[in-house]
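Here the structure comes first, spelled out in structure tokens, and everything after it is commentary.
Throughout, read-outs are computed from the coordinates displayed, never taken from laboratory work. As the structure is a computational prediction, the values presented were derived from the model and not from experiment. Counting neighbours? That spans all protein chains shown, and the Cβs are built from the backbone with ideal geometry, glycine included.
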Amino acid sequence: MDILGSFALLLAFLAAVYAVLAGIAGIITRRTLLTKSARNAGMAVFVLVTVAVACLEYFFFTNDFSIVYVVEHSNRALPGFYKFAALWAGQEGSLLFWSWLLSIYAFLVLFLNRKRHPELMPYVGVVLAGVQTFFLTLNNFVATPFRVLAGPDNAGVMHLAKMSEGHGLTPLLQYPEMVIHPPMLYLGYTGFSVPFAFALAALLGRYPGEKWIHITRRWTMIAWCFQSIGILLGAHWAYAMLGWGGYWAWDPVENASLLPWITGTAFLHSVMMQEKRGMMKIWNVWLVFTTFMLCILGTMLTRSGVVSSVHAFAQSSIGSWFVGFLIITFVVCFAAYWKNRDYLRSDNQLDSLVSRESSFLFNNLILLAACFAVLWGTLFPVLSEWVQGSKISVGAPFFNKVNVPIALFLLLLTGVGPLLAWRKTSFDALRRNFAWPFAGGVLAGIIGFIWGFRDIYSLLCLILGVFVTLTIASEFFRGARVISARDGTNIFTSMGELTMRNTRRYGGYVVHFGMVLIFIGIAGTPFNKDLQKEMGVGESLRIGPYTILCQTFDHIETNNYTSQRATLEIFKNGKSDMMLFPERRLFRASQITETMVAIQSSPLRDLYVVYAGESPDSGKPVIHAYLLPLIKWIWFGGIVVVLGTGLALLPNRRTALVLRPAAERSWAGTLAESTPAIGAVARRAEGHD
Amino acid sequence: MIKIPNSRTNERMPKNSRRTLRSFSTSCALMFAFRAVTLGMIIMMSAATPARAQETPRGKALGKRVLCMCGGCEDSAGLCNHPGGTFSGPCETARGMQKDLDAHVTRGESDDQILQAMVEQYGPTVLVEPPKKGFDLLAWIMPIAVPLVALVLVWEVVRRWRHKATLAPAGGPSVSPELLARARQEANREPGREHDE
């Protein structure tokens with residue numbers, strides 16, 4: 001099977017190289033047969049990499065400890081669930097997993113568009129195959145997952161060897177979310193390859209119009225959604241698993257996942273400028289190039305260990321390959337841009353500073369500022385070492401100080417931007433749209449201050465959160481009221497109808513609302529409390545309204561681990577409320593101990609209890625309790641973001657307006673020809689999306 | 001610490017009349033209550049003895065500004081918490097560092113002096129944030145400077161685009177008021193379609 005896997009990977013590499021070469025030849029010679037052949041080779045890569053992945057999984061499930069990767073990341077007692085996830089537990093498997101997800105995307109793109117966009121797709125196929133070639137080079141020649149165990153005998157002759165047991169999976173990864181978090185993040189990273197391929201293809205092929213943006217809109221949103229889920233699951237894993245009461249440590253690998261998410265967010269907003277007004281063509285192309293390059297940089301930071309990180313289970317000296325690929329990508333992108341820059345010439349006009357257009361400009365400015373601040377902080381230790389010869393630390397306080405004001409400004413724009421009209425917003429409209437949300441925000445600020453929100457950033461976050469929520473609610477309400485008055489339906493039915501008529505816009509609002517919830521959740525951080533205490537049986541500690549009484553300590557034995565468990569009775573305001581069972585698990589294969597946190601979650605606060613182990617000084621058990629306000633809002637906000645994105649992906653419900661006779665609709669075309677500005681409004685009125 | 005005021009009260013008691021006796025009984029009751037409260041506090045404090053070393057508030061704050069130098073974690077000394085260790089709390093290094101910080105605080109040194117002493121002992125990596133001097137000042141300046149430069153550029157772009165917009169309509173064809181009115185009416189008629197997000 002290892003030979004089958006290795007051969008499949010080698011063939012996949014050859015197929016990818018062929019797809020690049022035949023694709024280029026097909027484009028140059030304009031031979032359809034060559035183009036088709038390149039496309040089929042591109043699709044074959046998926047089949048071959050799938051075979052390789054299946055082989056590796058087979059080794060995990062059959063406990064084949066003759067394969068080095070299996071020895072290092074599995075053991076016999078490992079549950080099947082985690083044996084499956086062990087595929088991406090280490091360097092070689094992670095890179096294979098990258099290749100596999102990319103090949104799935106490439107297959108879907110090539111297959112779904114096999115009869116569409118004949119001028120564009122050959123270029124797309126070449127770009128995707130180019131990216132695949134790089135990763136398959138790593139899979140085949142740098143970090144092969146099918147390396148077998150071998151050792152010399154007394155005569156110095158090499159023989160195949162086999163271990164009786166593996167070293168086991170890193171206990172940190174033995175958590176349900178860890179089975180979902182990396183695939184989601186990787187689906188995000190690899191997913192951004194699709195808009196990148198289309199953007200570069202459109203530029204190389206000088207594909208007319210904004211069509212590449214229309215084609216890739218859903219692909220970009222899907223990648224963005226996966227990236228969002230991946231980031232949030234990672235944060236939740238860190239929260240529930242690491243036992244430190246936090247969810248985001250500004251670790252370089254966490255930052256690396258955030259960077260393409262930020263530029264991807266900027267791209268999702270700025271493409272609307274191109275779609276609606278034909279503006280910012282150069283910017284959009286570079287934004288998608290940057291997003292892709294940040295995905296590669298993110299993978300490099302995770303895999304290479306250039307910067308120190310808690311994700312140390314995946315470090316090696318593979319970084320130089322990624323640096324090389326990043327340089328090649330940049331050179332290709334820049335050359336394509338320079339050669340075809342006249343293709344991107346756009347007629348940029350701005351009627352007013354107070355308009356949707358300018359809000360998008362500022363939105364992009366703020367997002368890019370945040371991206372730069374995170375990237376700068378992440379790479380500054382490397383830069384400092386290079387310049388000064390000594391390394392310095394850039395920890396969480398730096399990132400918080402720099403990014404919190406930026407994030408709050410972004411939150412403000414989230415409320416302001418969508419209510420500004422395209423082209424120009426009058427002062428009256430501003431007053432009408434913002435008076436009540438602004439008043440609501442201020443009122444919430446006063447109530448929050450009285451209630452105890454004394455941290456300036458948290459208070460601002462609360463004010464802006466309420467402001468944005470009210471602006472979103474007013475958008476839904478005003479639209480629904482018109483439909484309700486016309487159709488006689490109730491306001492909630494009308495809101496549903498309104499949303500389904502323009503899923504992109506109202507789905508976007510739902511995403512914004514989800515972000516508000518996440519921000520409110522983060523605003524609770526300054527009010528965290530924690531208390532650590534040595535506790536014997538019968539002893540108690542008090543934190544906030546809770547009293548924690550220690551009842552017993554016991555042991556649990558499984559094939560995979562032994563566990564020390566504390567049984568704690570929680571009293572709330574003097575009344576027995578619940579039982580919590582924090583654990584410490586010692587994993588047999590790796591001999592590593594992990595904490596299993598017990599969390600009692602409510603919308604107001606989480607009670608988070610860690611059994612920290614026995615005190616090194618006294619030998620008594622130590623319980624560490626945290627009281628963490630509003631954390632649940634972050635996870636709930638994440639769900640809302642995902643639902644909103646799903647909503648925005650749905651097609652619009654067609655309205656009666658679209659079915660009107662063509663003759664009656666022609667006025668919009670007339671307007672568009674005479675005055676583009678009014679024509680754009682007229683076309684939107686007619687239902688053109 | 002607690003006994004001194006009570007013993008003074010006891011010394012004053014004998015030379016007094018009924019009134020002073022009443023005040024004596026009152027002070028006795030107060031003393032009893034005070035003792036009960038302090039005893040309760042002592043019990044509570046002993047019950048809540050933290051696993052971390054006794055920290056001064058300033059020492060605790062400083063503990064969050066220096067990294068634990070054990071080499072096995074990326075946490076600050078004040079928040080050190082080894083998830084995979086034998087004890088998921090402050091390691092020996094972190095506890096030692098925290099103890100040092102408290103000793104510096106007790107000696108009355110300023111925050112800067114204490115942090116400088118830590119840098120001399122452990123090297124510049126001990127600081128959680130880059131120092132705001134020399135080359136490292138760039139770490140702080142750039143996240144402010146780059147967005148400001150970008151803001152100036154955006155402003156310039158906006159200015160140019162607005163200039164174009166003011167020039168554009170001059171040569172454009174005219175639109176009849178009827179057509180314009182109808183466009184506006186249609187645009188406002190369909191909620192959710194007047195402008196896309």
For the stretch B:57-129, what is the Kirkwood hydrodynamic radius in Å, using each pair of distinct C-alpha atoms? 12.0
log10 I(q)/I(0) for chain A, Debye formula on C-alpha points only (no solvent), q = 0.06, 0.09, 0.11 Å⁻¹, two decimals, reads -0.41, -0.91, -1.28
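What 222 nm value per residue comes from the helices of chain A, counting each DSSP H run with n ≥ 4 as -39,500 (n - 2.57) and dividing by all residues, nearest 500 deg cm²/dmol? Don't skip to the end; give the middle numbers.
Working: 21 runs with 425 residues, N = 689.
Calculated from helices alone, the mean residue ellipticity at 222 nm is -21500 deg cm²/dmol.
From the cross-link list A:Lys276/A:Lys424; A:Lys533/A:Lys575; A:Lys401/A:Lys529; A:Lys281/A:Lys401; A:Lys533/B:Lys99; A:Lys529/B:Lys99, which pairs have alpha carbons spaced over 26 Å apart?
A:Lys281/A:Lys401
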Chain A - percent relative contact order, Cα under 8 Å, separation 6 or more: 10
At what distance in nm do the modelled label points of A:Ala335 and B:Arg58 sit from each other, each positioned 7 Å from its Cα along Cα→Cβ? 6.3
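So what is the relative contact order for the stretch A:528-629, in percent, with contacts set as C-alpha pairs under 8 Å and at least six apart?
Details: 246 pairs, mean separation 26.6, N = 102.
So the answer I get is 26 percent.
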Calculate the spin-label point distance for B:Trp155 paired with A:Ser390, positioning each point 7 Å from the Cα along the beta-carbon direction, and give it in nanometres. 3.9
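Pull out a ≥ b ≥ c, the square roots of the eigenvalues of the alpha-carbon gyration tensor of the stretch A:189-290, then state rounded if a/c is under 1.5, prolate if not and a/b is larger than b/c, and oblate in the remaining case. Write out the running numbers ahead of the final one.
Details: a/c = 2.97, a/b = 2.80, b/c = 1.06.
The shape class here is prolate.
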In whole angstrom, note down how far apart the Cα centers of the stretch A:585-637 and the stretch A:397-445 are. 37
Using a 10 Å cut-off on Cβ to Cβ distances, tally the other chain neighbours for every residue of B:74-81 and report the average as a whole number. 5
For the stretch A:234-309 and the stretch B:92-108, what is the separation of their C-alpha centers, rounded to whole Å? 39
How large is the convex hull of the Cα atoms of the stretch A:21-87 per residue, expressed in Å³ as a whole number? 93
Testing the spin-label approximation: label points 7 Å from Cα along Cα→Cβ at A:Asp153 and B:Val119. State their distance in nm. 6.3
Across every pair of different alpha-carbon atoms, what Kirkwood hydrodynamic radius in Å does the stretch A:528-629 reach? 14.0
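Restricting to Cα pairs below 8 Å that are 6+ residues apart, what does the relative contact order work out to for the stretch B:57-129? Please round to a whole percent. Kindly include the intermediate steps, with their values, before the conclusion.
On the way: 101 pairs, mean separation 24.1, N = 73.
Here the relative contact order equals 33 percent.
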Shielding of B:138-146 by other chains, given as the mean Cβ count within 10 Å, works out to 6
Under the rule of at least 5 residues apart or a separate chain, name every residue whose amide H is placed under 5 Å from the amide H of A:Ile543. A:Ile548
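For the stretch A:311-403, run through the trypsin sites (Lys or Arg not before Pro) and keep only the ones in DSSP coil with at most 11 other Cβ atoms within 10 Å of their Cβ.
Working: sites: A:Lys339, A:Arg341, A:Arg345, A:Arg356, A:Lys391, A:Lys401; in loops: A:Arg345, A:Lys391.
Taking the stretch A:311-403 and a limit of 11 other Cβ atoms within 10 Å, the loop trypsin sites (Lys or Arg not before Pro) found are A:Arg345.
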How fast does the stretch A:64-181 diffuse by Stokes-Einstein, in µm²/s, taking the Kirkwood radius from C-alpha pairs at 37 °C and 0.692 mPa s? 197
Surface/4 estimate of mean projected area, convex hull on alpha-carbon atoms of the stretch A:178-425, nm²: 14.5
